[in-house]
1. Only one residue in 298, 309, 367, 357 is under 25 Å from residue 23 (Cα atoms), crowded, with 16+ Cβ neighbours inside 10 Å and in contact with a helix residue (DSSP H, G or I) (Cβ under 8 Å, 6 or more places away or on another chain), so which one is that?
2. Does at least one position in the range 261-280 carry a residue that is within 24 Å of the chain's Cα centre (by Cα), without any contact (Cβ under 8 Å) to a residue 60 or more places away in the chain and under 22 Å from residue 207 (Cβ atoms)?
3. Considering only residues that are modelled with pLDDT of 95 or more and in a loop (DSSP other than H, G, I, E, B), which ones fall in the range 325-382?
4. Only one of 225, 288 is closer than 19 Å to residue 176 by Cβ and in contact (Cβ under 8 Å) with a residue 60 or more places away in the chain; which?
5. Just name the residue that is farthest from residue 373 (Cα to Cα) out of those in the range 29-53 that are crowded, with 16+ Cβ neighbours inside 10 Å and more than 24 Å from the chain's Cα centre (by Cα).
6. Across the range 166-180, what is the total count of residues that are loosely packed, with under 14 Cβ neighbours inside 10 Å, closer than 15 Å to residue 267 by Cβ and within 25 Å of the chain's Cα centre (by Cα)?
7. Scan the range 154-165 for residues that are assigned to a loop (DSSP other than H, G, I, E, B) and either modelled with pLDDT under 90 or surrounded by 14 or more Cβ atoms within 10 Å (Cβ to Cβ) (or both) and report the count.
8. Name the residue, out of 20, 11, that is over 17 Å from residue 89 (Cβ atoms) and touching a residue at least 24 places away in the same chain (Cβ under 8 Å).
């Protein structure tokens with residue numbers, strides 16, 4: 001099959017980007033051709049993949065996206081792809097991989113009515129409508145059941161076009177037999193003493209992931225516990241506002257930032273807690289990766305995958321509306337109770353070994369190929 005993949009930006013460590021690459025690699029392994037259209041590409045290009053970087057400038061992102069769509073329109077038409085797959089919402093897609101939440105629902109929940117008078121709103125609303133409106137032909141790959149309800153509410157999207165995928169993590173996230181040695185080596189490498197508490201956050205977009213909430217929770221710990229707690233944050237974003245907050249709380253020596261890395265399983269093995277008090281999160285793949293690694297989790301119920309934490313009995317899910325004091329209390333209790341952490345770790349790991357959380361990308365590929373076959377048939381190629 002001849003496939004076109006469209007995404008605004010590629011870098012190796014974003015959740016959307018990782019899912020795109022996993023699906024594209026399956027296609028390449030099956031012998032399909034894969035052309036990619038993007039505004040930015042950072043990282044290696046797999047053998048056989050053709051990446052088209054469209055360099056554009058604009059005063060705002062939404063204007064840049066409009067220019068991008070206009071720039072690739074003729075190529076998409078001329079090359080007659082069997083299937084056009086979008087990882088961001090744009091008009092004209094055959095399949096959309098819904099890594100992002102419903103824009104309309106989010107803007108109405110988090111912004112005042114004035115936000116709907118802006119050109120930014122008109123752009124993103126129109127692009128979302130092009131994908132989800134009742135008359136669209138775009139197949140939608142969902143990673144959270146909540147997404148379906150939101151899109152149905154605002155666009156009356158037919159259920160027949162929405163496909164809920166199972167989660168999809170790599171099996172190397174499962175706790176290895178040498179995880180104790182791996183943990184010791186990682187702690188020594190980054191300078192965290194074995195007797196200190198190691199708290200981990202993973203994910204780009206620190207504000208959305210709730211890093212401010214985490215810093216407040218650490219600052220609220222009893223003195224003896226706070227002084228022996230180290231926070232490691234892995235992801236891509238501007239660290240300066242959070243370093244200022246850490247300095248305000250006297251925590252600047254207890255927070256360490258890393259850009260995206262390929263050795264996340266080592267950090268999952270070495271940490272005592274994964275904390276993920278997100279403001280918004282369509283899925284939250286790192287929650288499942290933590291369960292597989294036997295790492296207790298504290299998260300919020302707005303994350304699409306938070307219900308798996310409850311199902312696995314692998315941590316604490318904070319209910320909405322979020323209360324900082326509740327996070328502070330649960331965090332302090334989990335840090336203080338090693339036996340409770342060990343029980344949560346074992347429950348999470350045992351659940352993850354047999355759970356259906358590894359096949360998202362294959363399911364997504366199967367739906368894409370089905371759509372490609374339908375497109376070929378309708379065009380008279382078959």
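The values are calculated or read from the model by the stated rules, or taken from the named source; none is laboratory data. Nothing here was measured: the structure is a model prediction, and the numbers come from that model. Cβ sites come from the backbone with ideal geometry, for glycine too, and all protein chains shown count toward neighbours.
1. Working: 298 fails: under 25 Å from residue 23 (Cα atoms); 309 fails: under 25 Å from residue 23 (Cα atoms); 367 fails: in contact with a helix residue (DSSP H, G or I) (Cβ under 8 Å, 6 or more places away or on another chain).
Every option except 357 fails the conditions.
2. Among the residues of the range 261-280, not one is within 24 Å of the chain's Cα centre (by Cα), without any contact (Cβ under 8 Å) to a residue 60 or more places away in the chain and under 22 Å from residue 207 (Cβ atoms), which makes the answer no.
3. Answer for the range 325-382, where residues must be modelled with pLDDT of 95 or more and in a loop (DSSP other than H, G, I, E, B): just 337.
4. Values: 225 fails: closer than 19 Å to residue 176 by Cβ.
Of the residues listed, the single one that is closer than 19 Å to residue 176 by Cβ and in contact (Cβ under 8 Å) with a residue 60 or more places away in the chain is 288.
5. 33
6. Of the residues in the range 166-180, 1 are loosely packed, with under 14 Cβ neighbours inside 10 Å, closer than 15 Å to residue 267 by Cβ and within 25 Å of the chain's Cα centre (by Cα).
7. Narrowing the range 154-165 to residues assigned to a loop (DSSP other than H, G, I, E, B): 156-158, 165.
With the extra rule that they be either modelled with pLDDT under 90 or surrounded by 14 or more Cβ atoms within 10 Å (Cβ to Cβ) (or both), the set shrinks to 157, 165.
Residues that pass the stated criteria total 2.
8. Values: 20 fails: over 17 Å from residue 89 (Cβ atoms).
Step by step, each of 20, 11 is checked, and only 11 is over 17 Å from residue 89 (Cβ atoms) and touching a residue at least 24 places away in the same chain (Cβ under 8 Å).
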